[in-house]
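Asks: Can you read through this structure? Questions will come right after.
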Amino acid sequence: MRDDLGSFKWLSGDMNWLEHGGKWARKVGDRCYHVLTLDKWESLVGSDAKKDNTGTYNAMLCEVNLDELSVSELNNALRYCGWCLESNRGIVNEHDGELVCSFGPTYDRVLVDVCHGYGAKKWLLDASGNNWHRLVSDLRTHSKGA
């Protein structure tokens, strides 16, 4: 169930994203992306989620602008995953040197996913509710106007 969500293309997460969460990205500039995440509150905070009356799902919209991140920030984000950057190969596993992603069409998308997970992002919108379709639609609309 790795569906794209309109102009947002699958980035990472569980194959059954509606149950266990997923992440999608949309390119909004040269190296700038809007990242939409959808999670079940229960997966994030456990069974207490129902007591908080926040709804079933949490959806977030963030921006990752690779051009605004320093080389140090990018390297720290990669190290967070156990990876590093080799100027002649791309992203490699820092422990065994195995290639993770070469320079090319998927390189920026891998960096976006890593930077988002590391926290090198700008928060745009956070919403909760029971209707995942409406949440995603609201975030997609917000992304177009941001």
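Asks: For Lys144 and Asn16, calculate 0.36 nm times their separation in residues minus their Cα-Cα distance, and state this gained length in nm to one decimal.
Replies: Roughly 43.5 nm would be gained on extension.
Asks: No solvent, one uniform scatterer per C-alpha: report log10 I(q)/I(0) for the chain via the Debye equation at q = 0.13, 0.15, 0.17, 0.19 1/Å, two decimals.
Replies: -0.61, -0.79, -0.97, -1.13
Asks: Something else: So for the chain, if I pair up every lysine 8 or more residues apart or on another chain, how many of those pairs have alpha-carbons under 13 Å apart?
Replies: Total qualifying Lys-Lys pairs in the chain comes to 5.
Asks: Can you give me the relative contact order of the chain as a percent, contacts being Cα pairs under 8 Å and 6 or more apart?
Replies: 21 percent
Asks: For a label point 7 angstrom out from the Cα of Glu68 toward its Cβ, which stretches of the stretch 96-114 have the backbone nitrogen within less than 20 Å?
Replies: So the set is 108-114.
Asks: Which parts of the stretch 7-35 would a label at Asn130 reach, counting a residue when its backbone N lies under 19 Å from a point 7 Å out along Cα-to-Cβ?
Replies: 18-19
Asks: Quick one: Ser7, Ser12, fewest Cβ neighbours within 10 Å first, how do they rank?
Replies: On the way: Ser7 14, Ser12 20.
Taking fewest neighbouring Cβ atoms as first place, the list is Ser7, Ser12.
Asks: So, one more: Rank the residues Trp132, Trp24, Trp123, Trp83 as a footprinting-exposure proxy: fewest other Cβ atoms within 10 Å of their Cβ go first. Kindly include the intermediate steps, with their values, before the conclusion.
Replies: On the way: Trp132 18, Trp24 26, Trp123 9, Trp83 21.
Lowest count first: Trp123, Trp132, Trp83, Trp24.
Asks: Shifting gears a bit: Kyte-Doolittle mean at least 0.0 and Cα extent at least 15 Å along the axis: which DSSP H helices of the chain qualify?
Replies: Details: long enough: 107-118 (17 Å, 0.10); 132-145 (20 Å, -1.04).
Result, helices passing both filters: 107-118.
Asks: Oh, and also: Exposure proxy check: Leu78, Leu99, Leu66, Leu139 ranked by fewest other beta carbons within 10 Å?
Replies: Numbers: Leu78 21, Leu99 11, Leu66 18, Leu139 25.
Fewest-to-most Cβ neighbours within 10 Å comes out as Leu99, Leu66, Leu78, Leu139.
Computed from the coordinates by the stated procedures, all read-outs in this text should not be read as laboratory data. Quick caveat, the model's predicted, so the values are computed rather than measured. All Cβ positions, glycine included, derive from the backbone under ideal geometry; neighbour counts span all protein chains shown.
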